[in-house]
Amino acid sequence: MRLFFSLFLLMGSLGALYSQTNKIELLGANSLKFDKSLGLDAQRLLGNVRFKHKGALMYCDSAYLYNSSNSLDAFGNVRVVQGDTLTLLSDKLYYNGNTQFVKVRDHVTLNDQDMKLTTNTLDYDRKTGRAVFFDRGIITSTQNENELVSCEGIYDSNNSFFYFRDSVVLENPRYRMETDTLNYGNISEIAYFKGPTFIYSDENIIYCENGWYDTKVDISQFNENAYLNNGQQVLSGDSLWYSRNEGIGKAYENVSIIDTTERVNIFGDYGEYFELLGKTLITGRAELMQYDEVDSLFMHGDTLLAVSDSISGDKIYAYNNVKFYRKDMQGAADSVIFAQSDSLIHMYKNPVLWSENLQITGDTIQIKSVEGAIENLYVFEHAFMVNKIDSVMYNQIKGKRLTGYFRDNDLYKVLIRGNGQSLYYAAEEKKVKVSAKEANKVLPSDSSRIDSAVVIHPADTTIAEEFTTVKDTTAVADTVISADSIGKSNLSAETDSVFIREQTYIGVNKAICSNIAIYLTNNKVQRIVFLNKPDGVFYPLEKFPRDEYFYDGFSWQEYRRPLKRSDIFLKEEPEILEADTPKEINNILSE
């Protein structure tokens, strides 16, 4: 009788639910009981419990159904099925039929199409299709190998879109992403991140503070303080674009490549990184900076290409309008190759070097340095060295090949091999005594001309007599001091006069010799040694023929010379005069 009565009540309840479409429908259970402790309308359902509401089916081991509030509590093997795609599993479920708001707890799993979310605490609004978890969620997909973990998140089931925050991690067999905030489209498989973000892989580490990552095709965009570190170089820019499958990266605006192992930095406006080829291309105000304990080299070309090669060594190629600046040496060429492994700079097509008043040109120039200090200089074919004396007089030495030797970054010896020719202005030197005032006019431009100085030492005797101090300013004997003891910026107040070395040019030595050795001090020719029998002639200065002032191939190219770091970007060139000579020389030749 009791069983019949229970079934009668159950059938009555089912009928009432069906008649009210907004009410939770009880489809069935093994048993039904009233629980007065929970309220007069509380029904306790046990065994194979099934509900239906607004197109969703709910299953559980046991449940409490509250008719007056149109809600239920479900326990044990809870399962909610909505449509063909969404399934929700948990140990506990609390559902309000009026608001269609679901709270699921403990061992929660939400499956939607190929996506799976697991957590312990989840709130789901069926009206909006938004699920919120706040107890560490893990998202996986059957379509890819991504696993996404975060402390808090929101899932929009209508759009299959996730919003994550707090310790977000996206795991993939090829990389690991860590960020503060991440939005992820489960269908598009594109992750949008904001805040400090790191992406770790075997190939590199990527950092940014804003960007997106298409996990389906492994293409990404990184913005705000973005950089890519491959272990040897760090590529950075205002924004980076990267294709992981192709190993290609692109950098935009304020681009830099920092190579701490080789002490080389490269800057520019745009860059391309070819990871599989070990190449990086920089354009747009491209600049290379090599720094060391001795000095820094700054080089510009329209295009800079860095190539990493474990066999032949790393190299940097500079193309078109190349100029470089060091305090002790400057250069220009159409193209330059910088071999980092042996610190060798190769200059091609119209190369030219300057050091103070010395200019060197040739078909190809190489500069060899060791630990930042220049060691040797090599010029191949049509070597031409010019030492400027003034606007109309130039010492000139030319030949087939040239080798320069440096000591403490100063060129002290040059060897010309093959077809050597020299044009050298001979001078007489004498010492001239001038006032300190006149000498100070010389110091800023050419302190090497100062030979010695005469210094007056005033007596400084103090006599005490009845608390009165008298100073004796009688001068003592003058003292001559060497040039090394004289201040280089300004002579001391005690200096009376200065001996200056003055040169008077008396003639021109012009000779031909297959091999020539030139010795220099402060980049000025001091001595020329002809290593074979020379054929030469000496001209008094006033009888030197004007049509022999310059050897064939002479070209003083001061207009190309960078005098400071910023000059390496200058491309303005004055009108190239006849024979590539300065205007003053053309005037002389035309007289």
**Request:** Name the one entry in Ile337, Ile374 that is free of Cβ contacts under 8 Å to residues at least 24 places away in the same chain and within 14 Å of Gln290 (Cβ to Cβ).
**Result:** Ile337
**Message:** With the structure loaded, tell me whether Phe298 is under 22 Å from the mean Cα position of the chain (by Cα), modelled with pLDDT of 90 or more and part of a strand (DSSP E or B) or whether it fails that test.
**Reply:** yes
**Request:** Restricting attention to segment 316-330, report how many residues are surrounded by fewer than 18 Cβ atoms within 10 Å (Cβ to Cβ) and of a type in the set (D, E, K, R).
**Result:** 2
**Request:** Considering only segment 79-154, give the strands (runs of 3 or more DSSP E) lying wholly within it that have at least 2 residues that are more than 24 Å from Val217 (Cα to Cα).
**Result:** 86-96, 101-112, 115-125, 130-133
**Prompt:** Do you know which residues across segment 556-579 are assigned to a loop (DSSP other than H, G, I, E, B), modelled with pLDDT of 90 or more and not hydrophobic (A, V, I, L, M, F, W, C)?
**Reply:** Gln557, Arg561, Pro562, Lys564
**Message:** Within segment 57-91, take every residue that is of a type in the set (A, V, I, L, M, F, W, C) and over 56 Å from the mean Cα position of the chain (by Cα) and give me the one that is farthest from Asn111 (Cα to Cα).
**Reply:** Leu65
**Message:** Checking the conditions here, which among Asn490, Asn532, Asn509 is of a type outside the set (A, V, I, L, M), in contact with a Cys (Cβ under 8 Å, 6 or more places away or on another chain) and either modelled with pLDDT of 50 or more or not in a strand (DSSP E or B) (or both)?
**Reply:** Asn532
**Request:** Of the conditions (1) of a type outside the set (Ser, Thr, Tyr); (2) assigned by TED's automatic domain parsing to the domain that holds Glu25; (3) in contact (Cβ under 8 Å) with a residue 40 or more places away in the chain, Gln100 clears all except one; give me its number.
**Result:** (2)
**Prompt:** Restricted to segment 69-116, and to residues that are touching a Lys or Arg at 6+ places or on another chain (Cβ under 7 Å) and among the charged types (D, E, K, R), which residue is surrounded by the fewest Cβ atoms within 10 Å (Cβ to Cβ)?
**Reply:** Asp106
**Prompt:** In this structure, does Gly249 turn out to be over 16 Å from the mean Cα position of the chain (by Cα) and either in the same structural domain as Ser310 (by TED's automatic domain parsing) or more than 19 Å from Leu288 (Cα to Cα) (or both)?
**Reply:** no
**Request:** Select from segment 258-286 the residues that are assigned to a strand (DSSP E or B) and of a type in the set (Gly, Ala, Ser) and write down the one among them that is farthest from Asn204 (Cα to Cα).
**Result:** Gly268
**Asked** Within segment 376-396, is even one residue closer than 30 Å to Glu542 by Cβ and touching a Gly at 6+ places or on another chain (Cβ under 6 Å)?
**Response** yes
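Looking only at segment 258-273, which residues are at pLDDT 85 or above, under 16 Å from Gly231 (Cβ atoms) and hydrophobic (A, V, I, L, M, F, W, C)?
Once the filter is applied, which keeps residues that are at pLDDT 85 or above, under 16 Å from Gly231 (Cβ atoms) and hydrophobic (A, V, I, L, M, F, W, C), segment 258-273 yields only Ile258.
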**Request:** Hey, could you check segment 199-230 for residues that are part of a loop (DSSP other than H, G, I, E, B) and either among the polar types (S, T, N, Q) or touching a Pro at 6+ places or on another chain (Cβ under 7 Å) (or both) and say which is farthest from Arg174 (Cα to Cα)?
**Result:** Asn230
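Can you tell me which residue within segment 352-373, out of those that are farther than 24 Å from Ser422 by Cβ and not polar (S, T, N, Q), is modelled with the lowest pLDDT?
For segment 352-373, the residue satisfying everything is Gly372.
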**Asked** Where residues in segment 261-289 are polar (S, T, N, Q) and in contact (Cβ under 8 Å) with a residue 24 or more places away in the chain, which of them is farthest from Gly237 (Cα to Cα)?
**Response** Thr261
**Arg176 farther than 22 Å from Gln221 by Cα, assigned to a strand (DSSP E or B), at pLDDT 90 or above and charged (D, E, K, R)** = no
**Message:** I'd like to check something: does segment 243-257 contain any residue that is modelled with pLDDT of 90 or more, part of a strand (DSSP E or B), out of contact with any Pro (no Cβ under 7 Å at 6 or more places or on another chain) and under 25 Å from Ile139 (Cα atoms)?
**Reply:** yes
**Request:** Provide a single number: the residues in segment 327-344 that are out of contact with any helix residue (DSSP H, G or I) (no Cβ under 6 Å at 6 or more places or on another chain) and either at pLDDT 90 or above or outside the structural domain of Arg560 (by TED's automatic domain parsing) (or both).
**Result:** 7
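Of a type in the set (Lys, Arg) and modelled with pLDDT under 90: which single residue out of Lys315, Lys349, Lys323 fits that description?
Lys315
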**Request:** Return yes when Thr119 is surrounded by 16 or more Cβ atoms within 10 Å (Cβ to Cβ), more than 19 Å from Ile205 (Cα to Cα) and touching an Asp or Glu at 6+ places or on another chain (Cβ under 6 Å) and no when it is not.
**Result:** yes
**Asked** Which one is surrounded by the most Cβ atoms within 10 Å (Cβ to Cβ) among residues in segment 377-392 that are under 16 Å from Glu356 (Cβ atoms) and modelled with pLDDT of 90 or more?
**Response** Met385
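Can you tell me which residue among Tyr242, Tyr273, Tyr291 is surrounded by fewer than 18 Cβ atoms within 10 Å (Cβ to Cβ), among the hydroxyl-bearing types (Ser, Thr, Tyr), in the same structural domain as Gln340 (by TED's automatic domain parsing) and in contact with a strand residue (DSSP E or B) (Cβ under 8 Å, 6 or more places away or on another chain)?
On the way: Tyr242 fails: surrounded by fewer than 18 Cβ atoms within 10 Å (Cβ to Cβ); Tyr273 fails: surrounded by fewer than 18 Cβ atoms within 10 Å (Cβ to Cβ).
Just one listed residue meets the conditions, Tyr291.
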**Asked** Within segment 213-239, which residues are under 28 Å from Ala339 (Cβ atoms) and surrounded by 16 or more Cβ atoms within 10 Å (Cβ to Cβ)?
**Response** Tyr227, Leu228, Asn230, Gln233, Val234, Leu235, Ser236, Gly237
**Message:** Can you tell me which condition Gly76 does not meet? The list is (1) at positive phi; (2) in contact (Cβ under 8 Å) with a residue 60 or more places away in the chain, and all the others hold.
**Reply:** (2)
**Asked** What are the pairs, 6+ residues apart or on separate chains, where a residue within segment 174-201 that is closer than 11 Å to Ser150 by Cβ and of a type in the set (A, V, I, L, M) has its Cβ under 8 Å from a residue that is modelled with pLDDT of 85 or more and not in a strand (DSSP E or B)?
**Response** none
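The values are calculated or read from the model by the stated rules, or taken from the named source; none is laboratory data. None of the values given here were measured: they were computed from a predicted structure. Cβ: placed from backbone, ideal geometry, glycine included. Neighbour counts: every protein chain shown.
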